[in-house]
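Have a look at the structure below before the remarks.
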Amino acid sequence: MSNVWVEHFWLFAIAAAVIFTAGLYCLVASRNLIRILVGIELLTKSVTLLLVLAGAITGRMGQMQALIITLIVVEVVAITVAAGIVIGAFRSHGTVDAKALTDLKG
């Protein structure tokens, strides 16, 4: 267990909480699909930071690194698909406002 991680535990925890709060704000306060995607990215980055912190505190950094790499790969695939959907919605409707995209049924 690294002493630096233990000494600065609250700093990393507060940083993760601030990033998580910013991501949650992007999701709740905005109807722009691009901002919503950025909010999802911020949420996953805060979870990744907490996983790094948990791995360093418990001394199981190797297991956490494997989990983090898996998380990053899944996140990249999901964001790529979501960005493709946003681009398709923009091409068909001319806007990325979530309220204007109510006719995406079927």
If you check every pair at least six apart or on different chains, which have Cβ atoms under 6 Å apart with a residue in the stretch 49-66 that is surrounded by 13 or more Cβ atoms within 10 Å (Cβ to Cβ) first and a residue that is of a type in the set (Phe, Trp, Tyr) second?
53/12; 56/5; 57/5
Go over the candidates 82, 98 one by one and state the one that is over 18 Å from residue 20 (Cβ atoms) and either at pLDDT below 90 or basic (Lys, Arg) (or both).
98
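The values are calculated or read from the model by the stated rules, or taken from the named source; none is laboratory data. These numbers come from a predicted model, not from an experiment. A quick note on method: Cβ atoms are made from the backbone with ideal geometry, for glycine too, and the neighbour counts reach across all protein chains shown.
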